[in-house]
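A.B. asks: Have a look at this one.
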Amino acid sequence: MLTALLAVIGAWLLVTGGMWAAQERLIFMPDRRPAEASPPFAPERVRTADGLELRFLLAPPRGRPLVLYFHGNGGNAAHRAPLLRPLAEAGFGVAVAGYRGFGGNPGAPSEAGLVRDAQAHLAHLRARFPDAPLVLWGESLGTALATRLAAEGGAAAVVLDSPFTSVGDLAAGAYPWLPVRLLLRHAFESERHLAGLRVPLLILHAERDAVVPVTHAQRMLAAAEAAGVPAEAVFLPGSAHPAIAAGPDGPWLPAALAFLRRVGG
């Protein structure tokens, strides 16, 4: 009996140690190939506060707001640009952020590093397009970046596609038998930043999302409303994660365009 118990404890400790050591590979899944641009997007570069030069993709605004898009934990900016083309074709600017370690960019991803990357993109675009209202749009992991930056001020609106409340909450749901919150080096908290928002918020989430359960979006909406944020949510049919993965003519598009036109014309 004691031998079996020790074996179980040993296996648990081994898995726990493995999760702690391997969490960067579990959280960040970059496509390191250079992010190639195709019209209406063109390559741009931005320098971060810690000296990295990052490549990102930009379709400039044409009299409408500029969307700064933070993608999720996989792929790179080039994977999202074709899905976002309808926004650019409607006259909205779209900048698809490039992260360190993704899309041919230098560096290794981390939560602190991606926050620096997001702040650098925001500062660069504000300086380049000072008259364009700026909408922060986050997808999955990128929702934590969008909410954090929006809470610091300066955004005209926020869109969260397939948000989670925090990586800790998400991991605890997937691994309830592990002390995941104690193991995490990259918490990526979204819900706690909602209290700082003072601008319109749109949440998009597929009803059968198997990656981030829709309950996370429901909690985010409730927290935003409790904080007095002018928030709305559109729960979409299907299981696409993120919602834009349903394609450039997917059900997310009418809701997104209607929201963007309301907040910025």
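A.B. asks: Restricting to region 175-226, name every residue that is at pLDDT 95 or above and among the basic types (Lys, Arg).
C.D. replies: Arg208, Arg219
A.B. asks: Looking at Pro82, Pro43, which one is farther than 16 Å from Gly142 by Cα and touching a residue at least 60 places away in the same chain (Cβ under 8 Å)?
C.D. replies: Unique residue meeting the criteria: Pro82.
A.B. asks: On the phi < 0 side of the Ramachandran plot, loosely packed, with under 15 Cβ neighbours inside 10 Å and in a helix (DSSP H, G or I): which single residue out of Ala222, Ala256 fits that description?
C.D. replies: Sole residue among the options that is on the phi < 0 side of the Ramachandran plot, loosely packed, with under 15 Cβ neighbours inside 10 Å and in a helix (DSSP H, G or I): Ala222.
A.B. asks: Among the candidates Arg32, Arg55, Arg25, single out the residue that is modelled with pLDDT of 95 or more and either among the charged types (D, E, K, R) or outside any loop (DSSP other than H, G, I, E, B) (or both).
C.D. replies: Only one candidate passes the filter, namely Arg55.
A.B. asks: For region 90-118, give me the residue count where each residue is surrounded by fewer than 20 Cβ atoms within 10 Å (Cβ to Cβ), at negative phi and among the small types (Gly, Ala, Ser).
C.D. replies: 5
A.B. asks: State which residue pairs qualify: first residue touching a residue at least 60 places away in the same chain (Cβ under 8 Å) and over 19 Å from Ala146 (Cβ atoms) and inside region 100-114, second residue in a helix (DSSP H, G or I) and aliphatic (A, V, I, L, M) in any location, beta carbons under 8 Å apart, and separation of 6 or more residues or different chains.
C.D. replies: Between residues of region 100-114 that are touching a residue at least 60 places away in the same chain (Cβ under 8 Å) and over 19 Å from Ala146 (Cβ atoms) and residues that are in a helix (DSSP H, G or I) and aliphatic (A, V, I, L, M), there is no close pair.
A.B. asks: Still on this structure, please answer the following. Could you check Asp50 against (1) charged (D, E, K, R); (2) assigned to a loop (DSSP other than H, G, I, E, B); (3) surrounded by 23 or more Cβ atoms within 10 Å (Cβ to Cβ) and say which number it fails?
C.D. replies: (3)
A.B. asks: Within region 61-69, does at least one residue satisfy the condition of being at pLDDT 95 or above and small (Gly, Ala, Ser)?
C.D. replies: Scanning region 61-69 turns up no residue that is at pLDDT 95 or above and small (Gly, Ala, Ser).
A.B. asks: Does Gly98 fit the bill of being closer than 24 Å to Ile244 by Cα and of a type outside the set (Ser, Thr, Tyr)?
C.D. replies: yes
A.B. asks: Note down all Cβ pairs under 7 Å where the first residue falls in region 54-78 and is of a type in the set (Ser, Thr, Tyr), the second is not in a strand (DSSP E or B), and they're at least six residues apart or on different chains.
C.D. replies: Between residues of region 54-78 that are of a type in the set (Ser, Thr, Tyr) and residues that are not in a strand (DSSP E or B), the close pairs are Tyr69/Arg80; Tyr69/Leu84; Tyr69/Ala97.
A.B. asks: Moving to a separate point now. Can you tell me which residues in region 70-89 are among the small types (Gly, Ala, Ser) and either crowded, with 19+ Cβ neighbours inside 10 Å or at pLDDT 95 or above (or both)?
C.D. replies: Gly72, Ala77, Ala78, Ala81, Ala88
The values are calculated or read from the model by the stated rules, or taken from the named source; none is laboratory data. For clarity, every value in this text was computed on a predicted model and none was experimentally measured. In this analysis, Cβ positions are derived from the backbone assuming ideal geometry, glycine residues included, and neighbour counts consider all displayed protein chains.
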